[in-house]
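Before any comments, here is the structure.
All of the numbers you see were taken from the coordinates with simple rules; none came from a lab. Since this is a predicted model, take the numbers as computed values, not measurements. Here the Cβ is made from the backbone with ideal geometry for all residues, glycine too, and neighbour counts use every protein chain on show.
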Amino acid sequence: MTEQIVIKEVAPRDGLQAQPKHLTLEQRQQLVESLARTGVPELEIGSFVSPKAVPQMAGTGVLAAQLPDMPVAYSVLVPNMKGYDLALAAGMRSFAIAISATEQMNQNNIRKGLEDTFLMAEDILGRAAQDGVDIHVYLAVSFVCPYEGPVAPETVLAQAERLMRCSPARLMIADTIGAAHPKQVGELMSELVSRYGHEGLGCHFHDTRAMAIANVYAAIESGIRQFDSSAGGLGGCPFAPGAKGNVATEDVVLLCESMGFSTGVDMPALLESVALLGDFIGTPQGGRSHYWLTRDSA
Ligand code: COA
Ligand code: ZN
């Protein structure tokens, strides 16, 4: 049987949250509908964050109330317990929480210190177990922090150990500013897979230094089968200077399917979503394989 790679499409959240062009709720809705039709198994539709901090994500509750009835697992990002409560009330049952491996990144992203952020994560994971909510914990800046520089693997391994004690549905190792290289990724992910198995682990890469797809490959070689990506390679964090787009979903699909894995993603449908995103943002979007993938329609 063909082995699956599970992709979580994050364009409606990570893709849009740092865009100078703010999409309307109707456009965000159309994007979610379009991406839901691609066959991608997981789709992050937005975040329940302070609209003052990230105005691009205002109104995610409206989207949550009208999700298309499709065979896709919808999720949202929540930065704190208030976001958790809002997302729960909106009917969502799969949340991402982003905590950062360094003090300064936590301060800049969610205005909390490192230890307080871990305590909050433990609180949220405790509540989620009672509420039947799946939590994907993101360990942001797992390789390099824009404020503190390189992050030691020992730091990430110790933090992962602490988080794994709370049994998150998934632990996502995130290269938030796209500064990791494949050798580092391979070593860290192999160690994590040997400790916890691959089922509860995943990776989130940005492409700032053109190494995102190489990092996906290194993680696959380490046994990782769950990845985030963004249609057209859109993305970035408003609080992580230098963060560029996420690895493009079409590049990840192409890589995985070329190597014999199955992703469930229909490429023509995905390219329609990418074109829609380009229309909404006002500039053409597309991953590194865009030219090749669209060569017949040019
Ligand atoms: N959703 C909506 N509003 C929220 C909120 C949430 N999850 N959490 C707090 N707020 C509101 C409060 O109600 C308060 O509103 P008011 O000014 O109208 O009274 C205001 O935000 C400030 O609340 P406070 O608890 O003091 O938060 P803060 O100012 O310390 O900001 C965060 C903390 C986490 C809310 C804010 O930094 C944030 O939303 N960051 C988003 C980070 C992000 O999305 N990063 C990219 C993805 S990793
Ligand atoms: Zn990201």
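Quick check on the exposure proxy: order Ser273, Ser100 from fewest to most C-beta atoms within 10 angstrom.
In order of increasing Cβ crowding within 10 Å: Ser273, Ser100.
How much FRET efficiency would the formula 1/(1 + (r/R0)^6) give for Glu3 and Lys183, where r is the Cβ-Cβ distance and R0 is 25 Å, rounded to 0.05? Rounded to the nearest 0.05, the efficiency is 0.55.
Exposed loop GluC sites (Glu not before Pro) only (DSSP loop, at most 15 other Cβ atoms within 10 Å): please give the longest stretch of the chain free of them, not including the sites.
Counting at most 15 other Cβ atoms within 10 Å as exposed, the longest clean stretch of the chain is 4-147.
DSSP beta bridges confined to the chain are antiparallel in about 10 percent of cases. Here the sum of -39500 (n - 2.57) over DSSP H runs of 4 or more residues, divided by the residues of the chain, equals -12000 deg cm²/dmol at 222 nm, to the nearest 500. What is the log10 of I(q)/I(0) for the chain, computed with the Debye formula using one identical point scatterer on each Cα and no solvent, at q = 0.07, 0.14 Å⁻¹? With no solvent term, the Cα-only Debye profile gives -0.22, -0.99. In terms of other Cβ atoms within 10 Å, His290, His204 run from fewest to most in the order His290, His204.
Normalising the average separation of contacting C-alpha pairs (under 8 angstrom, six or more residues apart) by the number of residues puts the relative contact order of the chain at 21 percent. Around the Cα centre of the chain, unit charges on the Cβ atoms of Lys, Arg, Asp and Glu (plus for the first two, minus for the last two) sum to a dipole of about 500 debye.
Fewest neighbouring Cβ atoms within 10 Å first, the residues Arg162, Arg225 line up as Arg162, Arg225.
Taking the chain as the region of interest, the number of lysine pairs whose Cα atoms are within less than 29 Å, with members eight or more places apart or on different chains, is 17.
Close amide H contacts of Gln4 (hydrogens built in the peptide plane, cut-off under 5 Å, sequence separation of 5 or more or a different chain): Ser262.
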